Each structure stands twice: as C-alpha cells, then as structure tokens.
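See below for the structure under consideration.
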Amino acid sequence: MNYEAFFKNELDTLRNDGRYRVFANLERKAGGFPSAIHRSEKGESDIRVWCSNDYLGMGQNPKVLKAMHETIDLCGAGAGGTRNISGTNRFHVELEKELADLHGKESALLFTSGYVSNWAALGTLGALIPNCIILSDAGNHASMIEGIKHSRAERHIFKHNDVADLERILKTLDPDRPKLIAFESVYSMDGDIGPIKEICDLADRYGAMTYLDEVHAVGMYGPRGGGIAEREGLMDRITVIEGTLGKAIGVVGGYIAASEALCDFVRSFASGFIFTTALPPAVAAAATASIRHLKTSHSERTGQRDRVQRLRMKLDAAGVPYMRNDSHIVPVMVGDAKKCKWISDLLMDRYGIYIQPINYPTVPRGTERLRITPTPLHSDADIDHLVGALSELWSHCALNRAVA
Ligand code: PLP
C-alpha cells in the first residue's frame, strides 16, 4: 500500500467536503480574555474569542492563577508518576474531596480529562458488572460512546431526550440484569437539557443505575455550581456524576463523583485511570481554587446569563437565526459546511471575531453552525460588533433570516 497517498487522499476528501479542520493558532491573554492574538500566514492580529468553553473566564481568575503559581513553586511542574506510583499529591486528594462535596457524593475520582473519565468509567462499569446492559442517549458525547463500545456491554440507544423511548426499551429487558442509563445534562451542540428527573424515575422503576455527564453544566448551574442536577435537587438520585475541570472551571482534567465503593472500584480496575501520569499538582490546586470560588460567587454565573440574554435579544432584532434552548449555548444555524467555514473565515479576517465552524460529524450534515458561547467578559460593544458582522454576512451569503 502507498501509505502517504492513502493519508493524503483521505484528507482531500475532508477538504472537498468542507470538513477539514483548521485550528486557529491563538495566544490567550491572561487578564484580557476574551481577547487573544491570532497568528496565521496573513500575520498577527488581535481578535475576540466567541467560542471558548472557558464559559466564565475562570482560566484567568486571579485566585486560580495564584493557586497555580504557588503550587508550581511548592511542588514543581509535574506529578512525577501515576496516581499509584508516587503521583498522588495532597492537591489531588484535596481536589477529590472538593468535588465529592460539590456533588453531595461520598467520593470523587480524578482523571486527566473529561473524555478519559467517561471512557474509563463507562468502559470499566460496562465491562466488569456481570451482564450489564447500558442504555445510552442518542445524543451522547463521543467519549461516552467510545467508553460504552469499549466495555463490550450489551447496549441500547434511546432517542435523544425521549423518556418514552427509553421506557419502551427498558420494558423489553430482563428485569434481573444490571442496567446503567448514560446521558447528559446540557448537550453541548444544541444546548438542550436532559429530562433528569424523568430518567431517574425510570431508573428507580426498572432497577437501573444512572450516569450523568454534567461537563457543560459544572460551575454554570446550581447554587454552588454543582450543575443541573444540583439546580433541580436531583444529585442524590444520580449514581455517577461526571464532569470536567476544563470548561467552566477553567483548567483541565475530568472526574466522576459517586459512592465510595463505586469510585474505589473504578480506581482499582480502570486502566485509563491506573496507567497514566497524574495531573500536575498545580493543575489540581488551580481547579480546587476555581471550584471553591464558584461555590460561593454568583457574579460569574449571573454575568454570563445576562450576556446570553442580550446576545439573543440582539440576534432576534437582526433576524439572525439561532437554536432556542434553556442553556448558555447559542447555536447560530448556517446549514451548509462550506458556507459555515467561509463565514467563520470572514469573521476572523474582516471583523476580528473568532468562532470555529462546527461541521459533521460533530453535528449532523445540514445543521452546520456557529456555536457561540458568551462569557461574562464580553462587553455590550462586543455583542453589537458580533451581531453587526453576522447580519452583514447573512445578507452577503443570502442566508435565511429568522422572523424577528
Ligand atoms: N463530555 C461532553 C458532553 C463533552 O462535550 C466533552 C468535551 O467537549 C467531554 C465530555 C470531554 O471533556 P474534556 O474536554 O474535559 O475532555
């Protein structure tokens, strides 16, 4: 086989489809977020980022930076080992306690990312609970899907957020077999929210465990930033809450929070936990500082909500169509991969606005979009500039307008 020709050919197919991913080369500015420097062959420019998952700007919060600096000075750069072999530092232990407390659980277990936490936890539970059946929402994230596949457990996919379909499947299953229902609270691309209570009711009725991915909700919802389950008073009904430290918390890493026995089980059997270097202590300390701050500070959450509301109001006035939802995510619909990429390029080049185009397979074909994530640090002027630019490009591309 001509390996090089194969790789190039596959990449050409992506390019022709408008799906070839070009990463924006950014230099984030601590203290200046959402500003960043963008570097390309055209040169260097100052831009405003509108698609970051640093939803609350915690990646530059002074308390978070101080904790990270101080811990580097105290412990050095890396953890120095896997959690089992010399890599467990007191900052990991403190962070796990903080996370357990955040979600009202007995215990928590850290992973190197949210992706790894889903992959390892679902993979381990599905593989090692004898005869386990996993019921998975059709909209679940790739990390959950890969974990479930890796487990080789029998799996059933229920229609997205459809409790009737979930129950239809549950009814067909052997009542004596162990079951796990895996779903999310905030779905990141459409920004819609899962029916957590109804799923918990079904889980109780059919003797299933529940596994809830709160990656896009941690820090953002609930009186202490515990997520949608906290906001709705449902945390005690969820068997496993999974989250990330890389989005609203502003650092990096992932975790599960659950009973002591379940976390200890995953700790003891999950290869994705055991055989990898622990997060740097400074990362763990920064995440702890961020979570502690968000447990008592509401200004980031209220500021973020205010920006979302204002952006929606301005988009409505300009007739730029976006998907309605009850979360903080504003998906502006384009519906064509090439146009989506073209608009994104023009936003960057002409207006200094960075929004990465979202194409298949992240979203279904025909639903290509600009996924906009306002933060408390976007100003009124930022919003006016963004909506003005989108409105001009909508006219330029003869895209459909929403009825204002
Ligand atoms: N779960 C969901 C729903 C996600 O959207 C993502 C990432 O975007 C992850 C898990 C993975 O989290 P992380 O970025 O920390 O690996």
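The values are calculated or read from the model by the stated rules, or taken from the named source; none is laboratory data. Computed from a predicted model, the values in this text were never measured in an experiment. With ideal geometry, Cβ positions are generated from the backbone for all residues, glycine too; neighbour counts draw on all protein chains shown. Just so you know, the surface numbers come from the protein's heavy atoms only, side chains and all, with ligands and any DNA or RNA stripped out. Shrake-Rupley method; radii C 1.70, N 1.55, O 1.52, S 1.80 Å.
Relative contact order for the range 125-171: what percent, with Cα pairs under 8 Å and sequence separation of 6 or more?
Numbers: 53 pairs, mean separation 19.2, N = 47.
That works out to 41 percent.
Placing unit charges on C-beta atoms (Lys and Arg positive, Asp and Glu negative, everything else neutral), compute the dipole magnitude of the range 1-121 about its Cα centre in debye, rounded to 20. Mind showing how you got there, number by number?
Working: 15 positive and 16 negative charges, 30 e Å.
Approximately 140 debye in magnitude.
Can you show me the helix-derived [θ] at 222 nm for the chain, built from DSSP H runs with n ≥ 4 at -39,500 (n - 2.57) apiece and divided by the number of residues, rounded to the nearest 500. If you can, show how the numbers build up before the last one.
Working: 14 runs with 173 residues, N = 404.
Helices in the chain give a 222 nm mean residue ellipticity of -13500 deg cm²/dmol.
Can you tell me which aspartates and glutamates have their Cα less than 17 Å from the Cα of K171? Leave out same-chain residues fewer than eight positions away.
Within the straight-line limit of under 17 Å, K171 reaches these aspartates and glutamates: D137, E154, D162, E198, D201, D204.
For helix 114-128, report the angle its Cα long axis makes with the longest principal axis of the Cα atoms of the chain; keep it between 0 and 90° and round to the nearest 10°.
30 degrees
Quick one: pull the percent of accessible area on the chain belonging to carbon and sulfur, 1.4 Å probe, ligands and nucleic acids left out.
Working: 9480 of 17910 Å².
In the chain, the share of accessible area belonging to carbon and sulfur is 53 percent.
Compute the whole-percent fraction of alpha carbon pairs in the range 144-218 spaced more than 15 Å apart.
That fraction is 56 percent.
Please state the shape class of the range 319-404: rounded when a/c is under 1.5, otherwise prolate if a/b exceeds b/c and oblate if not, all from the C-alpha gyration tensor. Provide the component values of the computation, followed by the final result.
Working: a/c = 1.35, a/b = 1.17, b/c = 1.16.
Because its axes are fairly even, with a/c under 1.5, the range 319-404 counts as rounded.
Which semi-axis lengths, in whole Å and largest first, follow from the square roots of five times the eigenvalues of the Cα gyration tensor of the chain?
Details: eigenvalues 231, 142, 100 Å².
Semi-axes (√(5λ), whole Å): 34, 27, 22.
If I take every Cα pair under 8 Å that is 6 or more residues apart in the range 334-404, average their sequence separation and divide by the length, what percent do I get for the relative contact order?
Values: 65 pairs, mean separation 21.9, N = 71.
Normalised by residue count, the contact order of the range 334-404 is 31 percent.
Build a GNM of the chain with springs between Cα atoms under 10 Å: which of L14, L135, L315 gets the top mean-square fluctuation?
So, out of L14, L135, L315, the one fluctuating most is L14.
Please give me, ordered by residue number, the chymotrypsin sites (Phe, Trp or Tyr not before Pro) of the range 226-287 that lie in loop per DSSP and have at most 16 other Cβ atoms within 10 Å. Show your work: numbers first, answer last.
Numbers: sites: Y255, F265, F269, F273, F275; in loops: F275.
Sparse-neighbourhood loop chymotrypsin sites (Phe, Trp or Tyr not before Pro): F275.
Quote the charge dipole size of the chain about the Cα centre in Debye, to the nearest 20; the model charges only the Cβ of Lys and Arg (+1) and of Asp and Glu (-1). Please report the intermediate quantities before stating the final value.
Working: 47 positive and 50 negative charges, 95 e Å.
Taking the Cα centre of the chain as origin, the dipole is about 460 debye.
Can you tell me the mean projection area, over all orientations, of the convex hull of the range 173-280's alpha carbons? Units nm², please.
Values: hull surface 32.6 nm².
That works out to 8.2 nm², a quarter of the Cα hull's surface.
Would you mind checking which residues have amide H under 5 Å from I133's amide H? H placed 1.01 Å from N; only 5 or more apart, or other chain.
K179, L180
Under 15 Å Cα to Cα from K314, which aspartates and glutamates show up? Leave out anything in the same chain fewer than 8 places away.
By straight Cα distance, K314 reaches D306, D380, D382, D384, E392.
On a 0 to 90 degree scale, rounded to 10, what angle separates helix 62-75 from the longest Cα axis of the chain?
60 degrees
Using the structure shown, select from K159/K339; K42/K339; K29/K97; K29/K66; K179/K295; K66/K97 the pairs with a Cα to Cα distance greater than 26 angstrom. Kindly include the intermediate steps, with their values, before the conclusion.
Numbers: K159/K339 29 Å; K42/K339 21 Å; K29/K97 31 Å; K29/K66 16 Å; K179/K295 33 Å; K66/K97 20 Å.
Beyond 26 Å between Cα atoms: K159/K339; K29/K97; K179/K295.
Which value, in debye to the nearest 20, gives the size of the charge dipole of the range 211-328 about its Cα centre, when Lys and Arg are +1 and Asp and Glu are -1 at the Cβ?
Numbers: 14 positive and 12 negative charges, 112 e Å.
Rounded to the nearest 20 debye, it is 540 debye.
Hey, if you put +1 on the Cβ of every Lys and Arg and -1 on every Asp and Glu Cβ in the chain, which of A398, I37, S297 ends up farthest toward the positive end of that dipole?
Value: A398.
Just Y354, Y206, Y221 to compare: in a GNM of the chain, with alpha carbon springs under 10 Å, which one fluctuates most?
Y206
Let me know the Rg and Dmax you get for the range 8-124 when you use only its Cα atoms, in Å.
19.5, 53
Among A142, A153, A229, determine the one that fluctuates most according to a GNM of the chain built with springs between C-alpha atoms less than 10 Å apart.
A142
How large are Rg and Dmax for the range 278-324 when calculated on the C-alpha trace, in angstrom?
Gyration radius and largest Cα-Cα distance of the range 278-324: 17.0, 49 Å.
Quick one: Karplus J couplings for the range 7-20, per residue in order, coefficients 6.51, -1.76, 1.60, θ = phi - 60°, nearest Hz, x for Gly and Pro?
Whole-Hz 3J(HN,Hα) from phi for the range 7-20: 4, 5, 4, 4, 5, 4, 4, 4, 4, 4, 7, x, 10, 6.
Mind giving me the FRET efficiency for S299 and H385? R0 is 25 Å, r the Cβ-Cβ distance, nearest 0.05 is fine.
Numbers: r = 24 Å, r/R0 = 0.95.
That pair, S299 with H385, gives E of 0.55.
Rg over Rh of the range 238-309, using C-alpha atoms and the Kirkwood radius, what does it come to?
Values: Rg = 15.1 Å, Rh = 14.2 Å.
In the range 238-309, Rg relative to Rh is 1.06.
In whole Å and largest first, what semi-axes does the C-alpha gyration tensor of the range 93-212 yield when each eigenvalue is scaled by 5 and square-rooted? Could the numbers behind the result be given before it?
On the way: eigenvalues 103, 56, 44 Å².
Over the Cα atoms of the range 93-212, the ellipsoid semi-axes are 23, 17, 15 Å.
Could you pull out the longest piece of the chain with no exposed loop trypsin sites (Lys or Arg not before Pro) in it, calling a site exposed if DSSP puts it outside H, G, I, E, B and it has at most 15 other Cβ atoms within 10 Å? Don't skip to the answer; put the middle values down first.
Details: sites that count: R21, K29, K42, R152, K159, R324, R365, R401.
Longest stretch, sites excluded: 160-323.
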